[in-house]
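Here it is, the structure in full.
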Amino acid sequence: MRIATWNVNSVRQRVDHLVAWIKETSPDICCLQELKCTEETFPRLEIEALGYNIELLGQKTFNGVAILSKYRIDDVIRGLPGDESDEQARFIEIGISTEKGALRVASIYAPNGNPLGTEKFPYKIGFLNRLIERAREHLANEEVFIFAGDYNIIPMPEDAENPAQWVNDALFQPESRAKWRELMSLGLTDAIRASNGNKQLYTFWDYQAGAWQKNNGIRIDHLLLSPLCADRLTGTWIDKHVRGWEKPSDHVPVRIDINL
DNA sequence: ATGCCGCGGCGCCCGCGA
């Protein structure tokens, strides 16, 4: 089974790229972030024509997450549990069934958290705390799951071409990185790191200041695997070439194969 | 340097992203 995540930075702007990339890579399940549209304006027909079921949590202008699935979707959770007052569309989770057992997949768009010193940073940390709690519950229930998405965390210095540039940024704050370690210490596996050692690999290049041309990237899009999922990991890819397409997203797709 | 670029919107500037 092939599972992917991609922050598309407006799904309506990116629908041609999305279709082309799906035809190239044929993911079974695809998590999307930053739809920047509502349920009503999501390009449903174009995606359904490729054979996908679609579940999404939309929002006008900002955020928005979706999961495309070639498998029948058994159940859906819209919104990250733990804060009824949170109105931002940043989390959707589905359950599917395979011959080898059930799988849960979440599409996550963690808050950016900038600028520091505003309410945005504690909101980011609060969101990550709720995500940790969600993972803890799944582990306690012995669920097989994948938490995929834009975490807006640079886990380690080797996850940035120029780490010094990020020291005063919410993405690389000690508190953000500590939340990442807290997730890892639950027993989750960072799929890209598990199969690439400490190699410098990026998933995001800013539109500004020629970041792409200089390869001034960061790795912030991650697939975190529960223990049984990690045991079944057979391959990982970062589809970097997509960043070179005409009018690209600033993020590229990341995908894995698992023996499920 | 807080902008550089790109996105959406009761749009022609502004907030937001990372």
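Here, each number is a calculation from the coordinates, and none is a lab measurement. Computed from a predicted model, the values in this text were never measured in an experiment. Note: ideal-geometry Cβ built from the backbone for every residue, glycine included; neighbour counts use all protein chains shown.
Let a ≥ b ≥ c be the square roots of the eigenvalues of the Cα gyration tensor of the range A:63-157; is it rounded (a/c under 1.5), or, if not, prolate (a/b larger than b/c) or oblate? Intermediate values should be presented prior to the final figure.
Values: a/c = 2.04, a/b = 1.90, b/c = 1.07.
Cα axes put the range A:63-157 in the prolate bin.
Which of A:I146, A:I73 comes first, and how do the rest follow, when ranked by fewest Cβ neighbours within 10 Å? List each step's numbers first, then the result.
Numbers: A:I146 27, A:I73 17.
If I rank by nearby Cβ atoms, fewest first, I get A:I73, A:I146.
Could you give the size of the charge dipole of the range A:1-154 about its Cα centre, using +1 on the Cβ of each K and R and -1 on the Cβ of each D and E, expressed in debye and rounded to the nearest 20? Show your work: numbers first, answer last.
Working: 18 positive and 23 negative charges, 78 e Å.
So the dipole magnitude of the range A:1-154 works out to roughly 380 debye.
Could you line up A:T98, A:T5 from fewest to most neighbouring Cβ atoms inside 10 Å?
Neighbour counts put them in this order, fewest first: A:T98, A:T5.
Sort the following peptides by mean Cβ neighbour count (other Cβ atoms within 10 Å, averaged over residues), highest first: A:37-50, A:10-23. Provide the component values of the computation, followed by the final result.
On the way: A:37-50: 14.4, A:10-23: 17.3.
Ranked from most to least packed, the peptides come out as A:10-23, A:37-50.
How many angstrom separate the Cα center of the range A:137-177 from the Cα center of the range A:30-57?
If you average the Cα positions of each part, the centres end up 25 Å apart.
Let me make sure I get this right: for the range A:104-235, a, b and c are the square roots of the gyration tensor eigenvalues over alpha carbons, sorted descending. Under 1.5 in a/c it's rounded, otherwise prolate if a/b > b/c, else oblate. Which is it? If you can, show how the numbers build up before the last one.
Values: a/c = 2.23, a/b = 1.32, b/c = 1.69.
In terms of gyration-tensor shape, oblate.
What is the Cα radius of gyration of the range A:1-47 over 2.2 N^0.38 Å, N being its residue count?
1.09
So what is the calculated 222 nm ellipticity per residue for chain A, using -39500 (n - 2.57) for each DSSP H run with n of 4 or more, over all residues, to the nearest 500 deg cm²/dmol? Intermediate values should be presented prior to the final figure.
Values: 6 runs with 60 residues, N = 260.
The helix-only estimate for chain A comes to -7000 deg cm²/dmol at 222 nm.
Put +1 on the Cβ of each Lys and Arg and -1 on the Cβ of each Asp and Glu in the range A:56-184; which of A:Q59, A:I77, A:V167 then has its Cα farthest toward the positive end of the dipole?
A:Q59
Still on this structure: Using only Cα atoms, figure out Rg for the range A:127-203 and give it as a multiple of 2.2 N^0.38 Å.
Numbers: Rg = 13.2 Å, N = 77, 2.2 N^0.38 = 11.5 Å.
Computed over Cα atoms of the range A:127-203, the ratio equals 1.15.
Once a ≥ b ≥ c are taken as the square roots of the eigenvalues of the Cα gyration tensor of the range A:93-140, is the result rounded (a/c under 1.5), prolate (a/b larger than b/c) or oblate (a/b not larger than b/c)?
Working: a/c = 6.16, a/b = 2.67, b/c = 2.31.
Here the range A:93-140 falls in the prolate category.
Next up: Quick check of the Kirkwood formula: for the range A:2-258, what is the inverse mean of 1/r over all pairs of different Cα atoms, in Å?
Numbers: mean 1/r = 0.0550 Å⁻¹.
By the Kirkwood definition, the hydrodynamic radius is 18.2 Å.
Under a Cβ-only charge scheme (Lys and Arg +1, Asp and Glu -1), can you give me the dipole magnitude of the range A:2-258 about the Cα centre, in debye to the nearest 20? Mind showing how you got there, number by number?
Values: 30 positive and 37 negative charges, 102 e Å.
With only Lys, Arg, Asp and Glu charged at Cβ, the dipole is about 500 debye.
Separate question: Using θ = phi - 60° and the Karplus relation 6.51 cos²θ - 1.76 cosθ + 1.60, list the HN-Hα couplings for the range A:51-64 in order, rounded to whole Hz, with x at every Gly or Pro.
x, 10, 7, 10, 10, 8, 10, x, 7, 5, 6, 10, 6, x
What list do you get for A:W180, A:W237, A:W6 if you sort them by fewest beta carbons within 10 Å?
Ranked by crowding around the Cβ, least crowded first: A:W237, A:W180, A:W6.
Report, ordered by chain and residue number, the aspartates and glutamates lying within cross-link reach of A:K179, taken as a straight Cα distance under 19 Å and ignoring same-chain residues fewer than 8 apart.
Within the straight-line limit of under 19 Å, A:K179 reaches these aspartates and glutamates: A:D83, A:E119, A:E133, A:E137, A:D150, A:E158, A:D159, A:D169, A:D190, A:D221.
While we're here: If you take every DSSP beta bridge whose two residues both sit in the range A:52-167, what share of them, in percent to the nearest 5, is antiparallel?
Values: 17 of 23 bridges.
Around 75 percent antiparallel, to the nearest 5.
Also, quick follow-up: Do you know the relative contact order of chain A, to the nearest whole percent, from alpha carbon pairs under 8 angstrom that are 6+ apart? Before the final figure, lay out each step's value.
On the way: 583 pairs, mean separation 50.5, N = 260.
With pairs under 8 Å counted, the relative contact order is 19 percent.
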